[in-house]
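K.L.:
Have a look at this one before I ask anything.
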Amino acid sequence: MGVVNVTPDSFSDGGRWLDPDLAVARGLQLLEEGADLLDVGGESTRPGATRPLVVEELDRVLPVIEALVAEGAPVSVDTMRSEVAAAALERGARMVNDVSGGLGDPAVLDVVADADAAYVAMHWRAHADVMAGHARYDDVVADVVTELGQRVDAALAAGIDADRLAVDPGLGFAKTADHNWALLRRLDALAVLDLPVLVGSSRKSFLGTLLASADGTPRPALEREDANAALTTVAALAGVWAVRVHEAGKALDALRVVERWLLPEDQE
Ligand SMILES: Nc1nc2ncc(COP(=O)(O)O)nc2c(=O)[nH]1
């Protein structure tokens, strides 16, 4: 899943693809590099970001989605809003990637069900918890599995078919670096949900912290690709459905290594 952030303030590439033509070109480049799906988002979810108006989010993503769909690209829309989800699906997006798992705007679930579209329920704690610092978890892995299960139940109750659903642990969303590593070590725990798993670690700050220089300066966001390729390998070996990345080519290299490594000897 290649990331096309049409925002002025996304944490790693804010503003680079705000121009629709540049965003479309970026999407086509990601497809060229081997991305299977493009995730077009118009709202930065970085901590402290100010929410765009609905009309601003629509203005950002719809021209890009229309153009990419016209090029035959499989597109998901990264949004928490039912108005944006509906408009994007009408223009040919096939999936809604909802970082709130339907908590931000429950009507998103109905929109996805009515369109018979695909849906990614990502784990995020309610804003109040987030504002209280990193949400408090008893056991972050067990809590995320339980709470994602609740979001899945809500999606199913809204009429979304199980075979149109995927889940995502939401790395970095109301989670510390330690929470992220615990979830990455236990991706297998998500298997109880019996749904495809999407993981998004690309360029996130917990990688910057891990790779910080001796004086503690975090590794810059654009210099975290090799670390993310390593995490792509980890995720692939854990059997995830997809990884959400800014650089598709490097992720594909890691996935081809894993694919060849997993090849049964009698097929070599
Ligand atoms: N499903 C899913 N969607 C996401 N959308 C945005 C971001 C934030 O990263 P970005 O600002 O680089 O897009 N991360 C995720 C994620 O981890 N999973």
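K.L.:
If you go through the range 155-174, how many residues are part of a strand (DSSP E or B) and either away from the ligand (no atom under 16 Å from the Cβ) or buried (at least 23 other Cβ atoms within 10 Å of the Cβ) (or both)?
P.N.:
Count: 2.
K.L.:
Hey, another quick one. Go through (1) free of Cβ contacts under 8 Å to residues at least 40 places away in the same chain; (2) more than 16 Å from the ligand (Cβ to nearest atom); (3) assigned to a helix (DSSP H, G or I) for ALA212 and report which single condition fails.
P.N.:
(3)
K.L.:
Would you mind finding the one in ALA191, ALA229 that is in a helix (DSSP H, G or I) and either within 15 Å of the ligand (Cβ to nearest atom) or buried (at least 17 other Cβ atoms within 10 Å of the Cβ) (or both)?
P.N.:
Exactly one residue qualifies, and that residue is ALA229.
K.L.:
Quick check on my filter: what residues within the range 134-154 are away from the ligand (no atom under 16 Å from the Cβ) and either among the acidic types (Asp, Glu) or more than 24 Å from ARG46 (Cα to Cα) (or both)?
P.N.:
ASP138, ASP139, ALA142, ASP143, THR146, GLY149, GLN150, ASP153, ALA154 - these are the residues of the range 134-154 that are away from the ligand (no atom under 16 Å from the Cβ) and either among the acidic types (Asp, Glu) or more than 24 Å from ARG46 (Cα to Cα) (or both).
K.L.:
Can you name every residue in the range 5-42 that is near the ligand (Cβ under 9 Å from one of its atoms) and either among the hydrophobic types (A, V, I, L, M, F, W, C) or touching a helix residue (DSSP H, G or I) at 6+ places or on another chain (Cβ under 9 Å) (or both)?
P.N.:
Selection gives ASN5, THR7, PHE11, SER12, ASP13, GLY41.
Conditions (1) modelled with pLDDT under 95; (2) of a type in the set (A, V, I, L, M), marked per residue:
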position: ALA135; (1), (2): yes, yes
position: THR146; (1), (2): no, no
position: LEU156; (1), (2): no, yes
position: LYS175; (1), (2): yes, no
position: HIS179; (1), (2): no, no
position: ALA182; (1), (2): no, yes
position: ALA189; (1), (2): no, yes
position: VAL199; (1), (2): no, yes
position: ARG203; (1), (2): no, no
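K.L.:
May I pose another question? Of everything in the range 19-70, what is charged (D, E, K, R), in a loop (DSSP other than H, G, I, E, B) and in contact (Cβ under 8 Å) with a residue 60 or more places away in the chain? Give them in sequence order.
P.N.:
Across the range 19-70, the qualifying residue is only ASP36.
K.L.:
Among what's in the range 1-47 and is under 18 Å from ARG81 (Cα atoms) and small (Gly, Ala, Ser), pick the residue that is surrounded by the most Cβ atoms within 10 Å (Cβ to Cβ).
P.N.:
The extreme case among them is GLY42.
The values are calculated or read from the model by the stated rules, or taken from the named source; none is laboratory data. Note that this is a predicted model, so its numbers are computed, not measured. We place every Cβ from the backbone using ideal geometry, glycine too, and count neighbours over all the protein chains shown.
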